[in-house]
1. Could you list, ordered by first residue, the pairs with Cβ atoms under 6 Å in which the first is in the stretch 57-78 and assigned by TED's automatic domain parsing to the domain that holds Pro34 and the second is among the charged types (D, E, K, R), at least 6 apart or interchain?
2. Six or more apart or on different chains, Cβ atoms under 6 Å: show the pairs whose first residue is in the stretch 178-194 and within 22 Å of Tyr227 (Cα to Cα) and whose second is among the basic types (Lys, Arg) and modelled with pLDDT of 95 or more.
3. From the list Arg343, Arg394, Arg386, Arg369, pick out the single residue that is free of Cβ contacts under 8 Å to residues at least 24 places away in the same chain, within 19 Å of Phe137 (Cα to Cα) and charged (D, E, K, R).
4. Considering Arg375, Arg335, Arg369, Arg415, which residue is over 30 Å from Arg147 (Cβ atoms), assigned by TED's automatic domain parsing to the domain that holds Leu318, in contact with a helix residue (DSSP H, G or I) (Cβ under 7 Å, 6 or more places away or on another chain) and surrounded by fewer than 20 Cβ atoms within 10 Å (Cβ to Cβ)?
5. Please pick out the residue among Ala409, Ala428, Ala392, Ala404 that is assigned by TED's automatic domain parsing to the domain that holds Ala238 and buried (at least 22 other Cβ atoms within 10 Å of the Cβ).
6. Checking the condition out of contact with any Cys (no Cβ under 9 Å at 6 or more places or on another chain) and hydrophobic (A, V, I, L, M, F, W, C), which residue from Ala182, Ala168 passes?
7. Working only within the stretch 239-251, note down all residues that are under 17 Å from Asn292 (Cα atoms), surrounded by 17 or more Cβ atoms within 10 Å (Cβ to Cβ) and without any contact (Cβ under 8 Å) to a residue 60 or more places away in the chain.
8. Restricting to the stretch 252-279, name every residue that is touching a residue at least 40 places away in the same chain (Cβ under 8 Å) and either outside the structural domain of His319 (by TED's automatic domain parsing) or among the charged types (D, E, K, R) (or both).
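The values are calculated or read from the model by the stated rules, or taken from the named source; none is laboratory data. For clarity, every value in this text was computed on a predicted model and none was experimentally measured. FYI the Cβ positions are ideal-geometry reconstructions off the backbone, even for glycines, and counts take in every protein chain you see.
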Amino acid sequence: MPASDARGLALSTGSDLAAEHYRRGVDLLLAAWPGAGEALDQAIAADHGFALAHAARGRLHAVRSELSQARACLAMATELVLLNGTARERSHVEILALLAHGEPGEALRQILSHLDDWPADALTLSLPLGAFGLFAFSGMADHDQARVDLCNRHARSYGAQDWWFLSARGWAEAENGDVVLARAMLQRAFALRPENANAVHGWAHALYEAGAAAEADALLTHWLPVYDRKGLLHGHLAWHMALLALEAGDGARALNIYAAQIAPAASAGLPINVVSDGASLLWRLDANGAANTSAAWADLAGYAARAFPKPGHPFVDLHMALIEASIGDAVAVRRRADANLARVETGVSVAGPVIPELCRAILEFAEGRGAACARRLQPILGDVARIGGSGAQRQLVEDTYLIALIRSAQSERAREFLDRRLHRRPSARDGRWRQALDRQPVRPGSAANP
């Protein structure tokens with residue numbers, strides 16, 4: 001019987017052992033679980049001519065930002081798939097090669113066409129999905145809806161028992177606002193495969209968006225210790241725990257989680273997670289009145305400068321600006337804003353002018369110019385989705401705007417903004433802010449004259 005992948009698509013290998021290792025490796029990759037690299041290496045050892053095993057190994061390298069290794073693996077896959085691959089496999093390899101060579105726009109175009117022919121190709125379907133997927137980083141303002149639409153289009157190719165698809169679709173639904181449907185899907189995904197960091201991640205998001213902070217904290221507290229510290233999402237899931245600590249008003253616990261599991265020396269996560277999680281949490285801690293974060297900022301700044309020496313990635317640049325502003329490097333923040341503005345003017349920035357404006361607003365906030373920060377942020381709040389990431393990650397911008405309003409004595413505007421947020425999502429932290437504002441007198445004219 002010809003070999004096939006976990007969803008019945010043909011594999012061009014004559015080795016049952018290679019096919020078995022490939023299925024296991026891809027499943028581990030889709031679950032963000034350690035061991036994918038070893039399984040794919042075993043698939044290659046069993047059949048060196050198996051193109052898709054080389055391609056999946058290349059994808060794992062690309063996920064880990066190991067681009068030279070990724071390109072080498074995909075060059076081998078390209079050579080092999082032309083010799084003995086099917087049309088589906090040739091398209092699959094070409095898409096992964098485009099991504100490894102920095103062509104996300106063309107890769108996304110080809111993915112959508114590929115899925116019309118082979119919708120059960122889960123690794124390919126995974127590429128536009130997620131907080132750091134191609135939809136999120138495309139510059140689209142409506143990428144939350146685009147993910148849901150794509151999942152709905154191909155749902156019948158997966159059925160109700162596919163643990164990976166339930167994880168991916170559940171996360172997409174949570175981000176798009178249907179937390180009831182999301183929770184049901186993600187709990188089912190977890191029941192089918194508990195060793196699935198993506199299901200737990202999506203479930204934590206759904207609980208957070210539903211305002212079920214205690215339930216989310218219990219989930220992560222009990223599950224995270226079984227997830228190997230080498231897992232790609234370990235540090236990021238710890239970041240979720242730290243956010244929940246802040247939600248409960250426990251800044252000391254959040255800072256301890258940072259030091260033990262999120263800081264560069266403590267995390268084996270992807271550089272984009274280490275930088276974004278670290279910067280956004282420390283920024284929130286500072287805004288919450290935490291002390292003794294200066295050493296943490298300096299350490300994170302050194303790591304970030306090595307990981308991302310040049311501007312150009314909107315989501316990263318937001319967090320790099322947080323770091324630079326927090327260590328007092330105003331020149332670096334302005335330089336980053338100018339570099340992103342130049343990208344806008346030359347038409348190469350997918351996110352448009354939102355990033356240069358965010359950089360400048362962050363600097364104004366750090367320098368104590370709350371009214372200026374609020375004025376700059378207010379007109380772009382609706383465009384922040386264009387930088388990508390998740391709603392929980394982008395909430396940092398809303399928090400900055402809110403605190404800027406409070407610090408510049410614009411209490412009425414802060415109340416109105418909090419009321420809208422609380423209507424959208426229950427939050428103990430927002431509730432405490434609202435109660436504090438209720439104890440403050442409204443300054444006449446403050447809303448109209450910031």
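1. Cys73/Arg57
2. Partner pairs satisfying both residue conditions: Met185/Arg169.
3. Going through Arg343, Arg394, Arg386, Arg369 in turn, the sole match is Arg394.
4. Exactly one residue qualifies, and that residue is Arg415.
5. Only one candidate passes the filter, namely Ala404.
6. Ala182
7. Within the stretch 239-251, Ala242, Gly251 meet the criteria.
8. Within the stretch 252-279, just Asp277 meets the criteria.
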